[in-house]
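> Structure below; questions to follow.
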Amino acid sequence: MPSIESAHADVQSAVAEAVQWANAGEARTLWEYETRAWALMLALGRALVVLFLARQMSRPRAVRYEYAGGRWELAESRTTTLATRFGRVNFTRRVGRRRTRGSSRRAKADLPIDRDLGLCGGFSPRVVMGIARLCAQMSFANARATWLDIYEWAPAPRAVMRMVDAAGGVARQFIEELPAPEDDGEVLVLQVDAGGAPMVSHAEFERRRKPKRKGQRSREDRREERAANPKPRRTKGKKSKNAKQAFTAVLYTLRRGADGQLDGPVNKRVISTFESHEALFIWLDREARKRGYGEKRTLFLADGSEHIWRLQQRFFPAAEACLDWFHLAEYLWKAGRSFHREGSAALRGWVKQQKQRLREAKIDAVLDELRERLAAIPRTGPGNKGRRERLAQVLGYIENHRTRMPYAKFIADGLDIGSGAVEGAIRNVVRVRLDGPGARWGLKRAEHVLHLRCILVSRLWDRFSEHIEMRDALALAPEPEPAEPHTVRSAA
């Protein structure tokens, strides 16, 4: 490690070089100027980091210390590379050693200075959190490319996975420990849905683990072999996507303004997990109680999944249940196409009439209309069986959910009747990031990215970074977590 005087001289030299270059009178394009100026700023940043480390190393430090229930002693020095935003610098510090009495084995090493500085396995915390944030927004390869374009260096691909594993591994704990917002509204809204992300199957995982061999056959030979042995068409339940559902919930409140109207959403937060619907509801129950469930008026919106509604009755029986308006509208269009031509004015008029009836709490009128239409379709004849089945399905759907259609009351109170918030969360949290072309995830890392994405979409990343800064340094594992495959069970 250079002395403070030497490091200080390097800083002055970097500043002088930047000033001298900026004052040069030669003709340059702005592209050239920005490129060189940024390189000089990065060099100055590295020099400042070295000076900072030199000053930290010069501080008095006890040779003997206690840590993790043991007694340690500073021994030999170790020089490694420390990766910062400005680039890599060499870092020399003394290593702590603890020997077991009577043992000839080399004692385990400890790096107390790294711990005091909050270093993360050879990376600065800003690097780890910066990479994790990029990986929550884009593919790992694009995250590395973006970092390289900005800082002119990038961590190795496996290091990127280690950073995501470390940051994602504490993301859910951060979300669960968040206190309720102080400026919440009077009405609590809960919305639940799910969206699939492609997972690596067990068969594909085993294929990836096999050693790769260079192909010995020509492209023509391989093409002829594929033509001679075509793959059978995948049937229902055996699709290539191999999706695992990400069970997602959105919580927010509505606040009454000076005009008496409810405004929102206020303090919208997203939670999501690949575990199960029940695991999501257990988590959602804790979050909802923090936000005032049991004391505030609570709305629960979802689509027609019977499993969701069973869990709603179990975890949120006091909430006012409401079937998603737009989901119901799709069923009305489906019913209308059973007796009106697709795209016709008659179809649009019929659907509009049924929507108006539902808004006015005239559910019986809608059901009577559907029963009359069903009775009017002959049991025999071309296409009549399918039309009757579709109409009967819609009729049964509305009958099953009629107690979850308080649209007239909700509209009068200025409340939401659509689950657009959770639909948007599924799109932004799951599909945009995890359902990319050719993506195949392992369950653990997908869960990490999912939680990081929830923090990002909930606009909590700055608080998450502060949480990481105040806690002990993130522990980067020596190797990335192995991929955990998942295979969708085939439909019976």
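Readers should treat all values here as calculations from the given coordinates under stated rules, not as data from a laboratory. This one's a predicted model, so the numbers in the text were calculated from it and none came from an experiment. Neighbour counts run over all protein chains shown; Cβ positions are idealised from the backbone, glycine included.
> Just want the answer: with Cβ charges of +1 for Lys and Arg and -1 for Asp and Glu, which residue in VAL160, LEU323, ILE455 is farthest toward the dipole's positive end in the chain?
Among VAL160, LEU323, ILE455, the one farthest towards the positive end of the dipole of the chain is VAL160.
> For a 26 Å ceiling on Cα separation, which of these pairs sit above it: LYS355/LYS409; LYS244/LYS290; LYS231/LYS334; LYS241/LYS290?
LYS244/LYS290; LYS231/LYS334; LYS241/LYS290
> Right, here's the next one. With the Cα gyration tensor of segment 358-492 giving a ≥ b ≥ c as the square roots of its eigenvalues, does the rule (a/c under 1.5 for rounded; else a/b larger than b/c for prolate; else oblate) give rounded, prolate or oblate?
Oblate.
> Also: Restricting to segment 234-324, compute how many DSSP beta bridges are antiparallel as a %, nearest 5.
Around 60 percent of the beta bridges assigned by DSSP in segment 234-324 are antiparallel ones.
> On to the next question. Rounded to the nearest 5, what is the percent of antiparallel bridges among the DSSP beta bridges in the chain?
75 percent
> Show me 361-371, 161-171, 39-49 ranked by packing, highest mean number of other Cβ atoms within 10 Å first.
161-171, 39-49, 361-371
> Moving on to the next point. Mind checking the full-extension length gain between GLU73 and VAL432? Use 0.36 nm per residue of separation minus the Cα-Cα distance, one decimal, nm.
Result for the pair: 124.2 nm of gain on full extension.
> Measuring from label point to label point, each 7 Å out along Cα→Cβ, what is the ARG297 to ARG223 span in nm?
6.8 nm
> Nearest 10 degrees is fine. How inclined is helix 363-376 to the longest principal axis of the chain, computing both from alpha carbons?
Long axis of 363-376 versus the principal axis of the chain: about 60 degrees.
> Please give the peptides 298-308, 399-409, 66-76, 378-388 ranked by average Cβ packing (other Cβ atoms within 10 Å per residue), highest first, as a rough proxy for protection.
298-308, 399-409, 66-76, 378-388
> Ordered by residue, what ³J(HN,Hα) values in Hz, to whole numbers, does segment 180-197 give under the Karplus form 6.51 cos²θ - 1.76 cosθ + 1.60, where θ = phi - 60° and Gly and Pro are x?
Residue by residue, segment 180-197 yields 5, x, 6, 10, 5, x, 8, 10, 9, 10, 10, 9, 9, 6, 8, x, x, 10 Hz.
> Which length gain, in nm to one decimal place, applies between ARG115 and LYS355 when the Cα-Cα distance is subtracted from 0.36 nm times their residue separation?
80.1 nm
> How large is ³J(HN,Hα), in whole Hz, for each residue of segment 149-155 in order, when computed from phi with the Karplus curve 6.51 cos²θ - 1.76 cosθ + 1.60 and θ = phi - 60°, using x for Gly and Pro?
5, 7, 9, 6, 7, 8, x
> Fully extended, how many nm does the chain gain between ALA145 and GLN12 (0.36 nm per residue separation, minus their Cα-Cα distance)?
44.7 nm
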